[in-house]
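Some notes on the structure that comes next.
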Amino acid sequence: MAITDKIYVKNHRQLSSQLETNIPKGAFKGATLDILFQGEGLEKLDDATRDRVLDFAQDFLDCACDDNPYCGCPERKFIRYLLELRAQGLGPDAIVDVMSDDYMLYAYSGDVLSFLDDGVRTLEAAEGLARVEGANEKCNEIRDAKHDLAK
């Protein structure tokens, strides 16, 4: 299960009430993306909520793909966002706090920790493959990325 399947809309019941429609709890579920991408009813949201919803749409739903928002770009952009927060030295709890402040999203710290740990394990495997192939430069690059993620 991808980390984006474990990212939830904070106060989704309140948001559903303001929009006068049901939305799923998952931030990257189809119905949620539809509402955000189409922007219908966003004028019903209070200013602070609308600003965060629009920030989310601008930062993650903005791409030129024909299948947008179902092209996978929003999920990849969000994963990049999580990795950038980690690169800034934030731990799982702080990452959850920042995503909550930035976009009114939340996740369980354990899920974020598992995502980061899976990333380290994947980089370990890639490092081993690069070493076997004799790609020393790539091996060093992967090792540095692994070290940065594991800090």
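What the table below lists for this structure:
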item: Debye, to nearest 20: dipole size of the stretch 33-101, +1 on Lys, Arg Cβ, -1 on Asp, Glu Cβ; result: 280 debye
item: Contact order normalised by residue count of the stretch 1-73, Cα under 8 Å, 6+ apart, percent; result: 24 percent
item: Cysteines without a disulfide-compatible neighbour (Cβ-Cβ under 4.7 Å), the chain; result: 139
item: Under 5 Å, built H, 5+ apart or other chain: amide partners of residue 105; result: 10, 100
item: Debye, to nearest 20: dipole size of the stretch 1-58, +1 on Lys, Arg Cβ, -1 on Asp, Glu Cβ; result: 320 debye
item: Sum of side-chain charges, residue 114 neighbourhood, beta-carbon under 11 Å (Lys, Arg +1; Asp, Glu -1); result: -1
item: Listed residue (1, 36, 63) projecting farthest to the positive dipole end of the stretch 1-76, Cβ model; result: 1
item: FRET efficiency, residue 55 to residue 5 (Cβ-Cβ, R0 22 Å, nearest 0.05); result: 0.55
item: Cross-link pairs 10/44; 6/77; 25/151; 6/44; 25/77 - those with Cα-Cα distance over 23 Å; result: 25/151; 6/44
item: Set of the stretch 85-99 residues, backbone N closer than 20 Å to the point 7 Å along the Cα-Cβ line of residue 114; result: 86, 91-97, 99
item: Fraction of accessible area attributable to carbon and sulfur, the chain (%, probe 1.4 Å); result: 48 percent
item: Distance from the stretch 19-84 to the stretch 90-104 (C-alpha centre basis), Å; result: 17 Å
item: Within the stretch 133-147: backbone nitrogen closer than 17 Å to the residue 125 label point (7 Å, Cα to C-beta); result: 133, 142-143, 146
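The values are calculated or read from the model by the stated rules, or taken from the named source; none is laboratory data. Every value quoted in this text rests on a predicted model; they were computed, and no experiment measured them. For neighbour counting, all protein chains shown are included, and Cβ atoms are generated from backbone atoms with ideal geometry for every residue, glycine included. Ligands, DNA and RNA are excluded from the accessible area calculation, which covers all protein heavy atoms including side chains. Shrake-Rupley method; radii C 1.70, N 1.55, O 1.52, S 1.80 Å.
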